[in-house]
Structure formats: C-alpha cells, structure tokens
Amino acid sequence: MVHIPVLRDEVIKYWLGDPHGFYIDCTLGGGGHLRELLPHLKADARVLGIDKDGEVLRETARTLAHPGLRLVHGDFKDLDQFLDEDENGQAEGILMDLGVSSFQLDEGERGFSYHAEAELDMRMDREQPIRAADLVNQLPQEELSRIIFAYGEERFARQIARAIAKKRQEGLISTTAELAAIIKEAIPARYRRDKHPARRTFQALRIAVNNELDSLEAGLPKAVEALKPGGRLLIITFHSLEDRIVKRFYAEQARTCVCPPRQPVCNCNCRPSLEIVTKKAIVPGKAELAVNPRARSAKLRVARKIAVL
C-alpha cells in the first residue's frame with residue numbers, strides 16, 4: 001500500500017534544488033516523500049535513504065527506482081557513518097520525517113497503536129532487544145512515571161505508573177489492550193473525553209523504546225555537516241518534544257552573537273551555520289487534513305546551511 005506523505009507539496013518545494021545533486025532521506029519509511037522527489041532528479045543524481053526498520057526498508061525498496069539510489073538500514077544518528085568520502089558536506093537537501101511511520105501503524109503487530117490488539121513491542125528496529133513490555137513490566141514505578149511524564153507530557157503519570165505497578169503484581173502485562181485498559185482506569189473519567197486516555201503513555205513508551213529524542217539530538221549536527229553550503233534541512237515533527245528540540249537547535253545554529261546580553265560591544269566572532277527559512281512552522285491545510293487526518297499534528301521547519309568564511 002502506498003501511503004500519502006505528509007505536507008507533500010511543501011516538502012518538495014524546499015527539498016528540491018539541483019536535479020543533479022545529492023539528497024538524503026533520513027527516515028525513509030514507506031518512501032512517500034522520496035517517491036515524489038525522484039521524478040524531478042536526473043539520472044546522475046545520488047540519493048541516500050535511511051531507516052532503522054529493516055522490514056519497512058525491504059518493503060519500500062521494491063517500490064522505488066533510481067540509478068543513484070542507495071538504501072541503508074540504520075539510525076540517522078549515525079548519518080556520518082553512512083556517507084561515502086565524497087558525500088559528506090555535499091547534500092543538496094536532507095529530510096527527517098520524525099515519529100512512527102504509517103507502515104508501522106497499519107501493520108498492527110508491534111503495538112504502536114492503542115486501537116489494535118497486539119503485543120507490547122513498539123520497536124522500530126526489531127533487532128534491538130528492549131520492548132515496551134520490558135519497560136512496563138520491569139522498570140521501577142518511579143522510573144516508569146518519569147518516562148510517562150517526560151516523554152508523554154502526561155499529567156497523570158504517577159497514577160498511571162502506580163496502576164501499572166499494581167496490575168503487574170498479578171501477572172505480566174503483555175498486550176496493548178491490557179495496557180490501554182489499565183491507563184483508562186487510572187485517569188479520572190472527566191479527562192477521558194476528548195482524546196484516547198492511552199495516547200500520551202503509548203507515545204512516551206515508544207519514544208523510550210526507540211531512543212527517539214537521543215537520536216534526534218545526535219543526528220541534527222551531523223545533518224548540518226552533511227549539507228553543502230546553501231543546502232536545506234527539512235524536519236517534520238509530530239509532537240512538542242521533537243519540535244522544541246528542532247526549534248532550539250535551529251535557533252542556536254542561527255545565532256550571530258553569543259556575547260553576554262549586557263556587553264556593549266560584540267567580540268565573540270560568532271558565525272552562524274544555519275539560516276532559518278521558515279520563520280513559523282508550516283502545518284497542513286484543511287484540504288490535506290480531510291484526506292489524511294494523521295497529518296493533523298505535523299509541523300515542517302526548514303533551515304539553510306550558510307557557508308562559513
């Protein structure tokens with residue numbers, strides 16, 4: 001099944017530059033964005049696609065074709081290790097489409113969704129050892145509460161962790177349905193109305209299992225290094241934790257002065273490495289949301305690499 005890429009037209013507008021250039025998709029997933037980009041590229045262009053999910057990567061490889069396409073199974077935090085000697089510092093455009101892919105959600109076997117009965121897995125890369133079930137059943141209650149609060153921004157994290165700790169005394173919690181039921185009971189009824197009560201906890205566990213925020217923090221500077229001067233970095237986020245990291249990184253890399261605020265004369269010789277192209281995040285319009293409701297929380301931020309003199 002071919003999935004609809006989020007903010008498709010906006011991504012191509014900013015991602016596409018020299019049709020003979022070098023492009024990187026750090027989160028290939030179902031290949032939706034790359035599939036839109038490839039027809040605009042010449043035969044001598046080079047494209048690197050990366051995904052930490054080997055199963056999705058193999059499936060997507062069957063649907064993409066370009067003489068310069070190279071696919072790699074890995075985490076984009078290791079981007080520098082996937083580049084050939086002549087590729088680092090030469091990328092025309094780099095895309096990071098963060099979060100879980102539609103393929104992983106629709107597969108229904110790994111427990112990403114609280115709507116489907118499945119094992120509590122949540123691994124994007126099934127070669128890694130830690131599953132969501134391991135965290136739910138083995139972490140101390142306080143650590144579980146910390147993860148749910150920090151990564152899910154869940155106000156009822158302590159109550160949920162307490163309910164999980166109590167329930168696991170009766171036996172292992174092994175399915176999404178079991179966990180969702182525990183969470184629902186732990187949250188006061190008046191707070192269950194607007195959105196699914198398990199949404200934030202499932203997000204937190206997924207982020208923890210896949211070390212998503214650590215990968216983002218590590219991958220951002222490597223992406224900037226991989227860009228050529230004038231090259232663009234496009235990042236699509238789906239929740240506030242990711243978006244704050246991206247906003248902060250862009251702002252830090254775009255700073256022209258790091259002198260103390262009260263210092264009358266600048267002498268820091270700070271040279272920005274990025275120029276922020278989108279002053280405000282680009283979000284999906286009503287037409288896109290009508291076709292693809294999953295895009296509702298997407299935000300696209302774009303920055304351009306500045307040549308350091």
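Along its first, second and third principal axes, ordered by size, the chain spans 63, 58, 39 Å in Cα coordinates. The Cβ shell under 14 Å around residue 61 holds other residues with a net charge of -1, Lys and Arg each +1, Asp and Glu each -1. Legend: calculated FRET efficiency, residue 185 to residue 248, from the Cβ-Cβ distance at R0 = 45 Å, rounded to 0.05, equals 0.75.
Taking amide H positions as modeled 1.01 Å from N, with prolines and chain starts lacking one, the residues under 5 Å from residue 230 and 5 or more places away or on another chain are 305, 306, 307.
What shape does the range 193-309 take by its C-alpha gyration tensor, where a ≥ b ≥ c are the square roots of the eigenvalues and a/c under 1.5 counts as rounded, a/b above b/c as prolate, and the rest as oblate? Let's see the in-between values first.
Numbers: a/c = 2.17, a/b = 1.86, b/c = 1.17.
Verdict is prolate for the range 193-309.
Only lysines eight or more places from residue 280 in sequence, or on another chain, were considered; those with a Cα closer than 25 Å are 13, 222, 228, 247, 299, 305.
For the range 117-132, putting each phi into the Karplus relation 6.51 cos²θ - 1.76 cosθ + 1.60 with θ = phi - 60° gives couplings of 6, 7, 5, 7, 9, 6, 7, 6, 10, 6, 7, 7, x, 8, 10, 4 Hz, in residue order, rounded to whole numbers and with x for Gly and Pro.
Roughly what % of DSSP beta bridges within the chain run antiparallel, to the nearest 5?
Numbers: 11 of 30 bridges.
In the chain, DSSP labels about 35 percent of beta bridges as antiparallel.
To the nearest Å, what is the center-to-center distance of the range 74-142 and the range 215-275, using C-alpha atoms only? Using only Cα atoms to place each centre, the spacing works out to 24 Å. Taken over the alpha carbons of the range 104-210 as equal point scatterers, the Debye sum produces base-10 log I(q)/I(0) values at 0.14, 0.20 Å⁻¹ of -0.47, -1.00.
Near the amide H of residue 71, within less than 5 Å, lie the amide hydrogens of 49, all on another chain or at least 5 residues away, with H placed in the peptide plane. For the range 260-309, applying the loop criterion from DSSP together with a ceiling of 15 other beta carbons within 10 Å to the trypsin sites (Lys or Arg not before Pro) yields 262, 279, 280.
Residues whose amide H falls under 5 Å from that of residue 123, counting only those 5 or more places apart or on a different chain, are 132, with hydrogens built in the peptide plane. Specify the angular offset, from 0 to 90 degrees and rounded to the nearest 10, of the alpha carbon long axis of helix 212-226 from the longest principal axis of the alpha carbons in the chain. Value to nearest ten degrees: 10.
Comparing mean-square fluctuations of 142, 242, 92 from a GNM of the chain with C-alpha springs under 10 Å, the top value falls on 142.
Three principal axis extents describe the C-alpha atoms of the range 210-260; from largest down they are 35, 30, 16 Å.
Each residue of the range 279-294 was assigned a 3J(HN,Hα) from its phi angle through the Karplus expression (A = 6.51, B = -1.76, C = 1.60, θ = phi - 60°), giving 5, 10, 4, 8, 10, x, x, 4, 5, 5, 5, 5, 8, 9, x, 5 Hz with x at Gly and Pro.
Rounded to the nearest 10 degrees, the inclination of helix 240-253 to the longest alpha-carbon principal axis of the chain is 30 degrees. Measuring nothing but how far apart in sequence close Cα pairs (under 8 Å, 6+ apart) lie, relative to its length, the chain scores a relative contact order of 18 percent.
Phi-derived couplings, Karplus 6.51 cos²θ - 1.76 cosθ + 1.60 at θ = phi - 60°, listed residue by residue for the range 156-171: 9, 4, 5, 5, 5, 4, 5, 5, 5, 4, 5, 5, 6, 5, 8, x Hz, with x used for Gly and Pro.
Label sites at residue 270 and residue 20, each approximated as a point 7 angstrom past Cα along Cα to Cβ, lie 3.8 nm apart. For the chain, the longest principal axis of the alpha carbon atoms and the long axis of helix 176-186 meet at an angle near 70°.
Coordinate-derived values only; no laboratory data. Worth saying up front: this structure is predicted, and the values here are computed from it rather than measured. Cβ sites come from the backbone with ideal geometry, for glycine too, and all protein chains shown count toward neighbours.
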